[in-house]
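A short reminder: the numbers here are calculations on the coordinates, not readings from a lab. Since we're looking at a predicted model, the values are computed, not measured. Cβ coordinates were reconstructed from backbone atoms using ideal geometry, including for glycine residues, and neighbour counts include every protein chain displayed.
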């Protein structure tokens, strides 16, 4: 499945490179940066309630990174491939002594459309349908934008 998605993304990126554009808009853009993943997990409780020890109850904050590449088919519409990885180590006291440790790793490989609201201002908002989300890029110079923020809603069931 991953190879199929990678192949489709590559085809669309090649099409974006070949597409004729009459303006200065970039044909591709790349992003790399720090990322935070907020998770919320509620374990099923037995009936009648009994104490349950789990590493995943409640809210978790994982730190990681995010990289993406977008190939634009025209001035505003492009196809994006996105990879993120987030990590956390949880420790709880072992009743027999010592600690019990788990390493949590969450990886996302996403692909889909992105629409950028290009204008003459320095700030350029965008929306995407990889996981529902969007963000804001601010132009630093002709070739570099600073991604001020990006937020995505990615439900996991």
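Give me the extension gain from residue 91 to residue 115: residue separation times 0.36 nm, minus the current Cα-Cα distance, reported in nm with one decimal.
Net length gain for the segment: 4.5 nm.
Can you put 126, 31, 149, 117 in order, fewest other beta carbons within 10 Å first?
Ranking 126, 31, 149, 117 by Cβ neighbours within 10 Å, fewest first, gives 149, 117, 31, 126.
At a Förster radius of 22 Å, what calculated FRET efficiency corresponds to the Cβ-Cβ distance of residue 76 and residue 151, to the nearest 0.05?
The calculated FRET efficiency here is 0.65.
Let me have the relative contact order for segment 97-157, percent, based on Cα pairs under 8 Å that are six or more residues apart.
Taking the mean separation of contacting Cα pairs over the length of segment 97-157, I get 21 percent.
Listing 29, 38 from the residue with the fewest other Cβ atoms within 10 Å to the one with the most, what is the order?
Fewest-to-most ranking of 29, 38: 38, 29.
Let's test the formula: R0 of 22 Å, r as the Cβ-Cβ distance of residue 132 and residue 63. What FRET efficiency results, to the nearest 0.05?
0.45
Neighbour counts of other C-beta atoms within 10 Å: give me 35, 84 arranged from fewest to most.
Fewest to most other Cβ atoms nearby, the residues stand as 35, 84.
Label-point separation (nm) for residue 106 and residue 40, each offset 7 Å from Cα along Cα-to-Cβ?
The two pseudo-label positions are separated by 1.2 nm.
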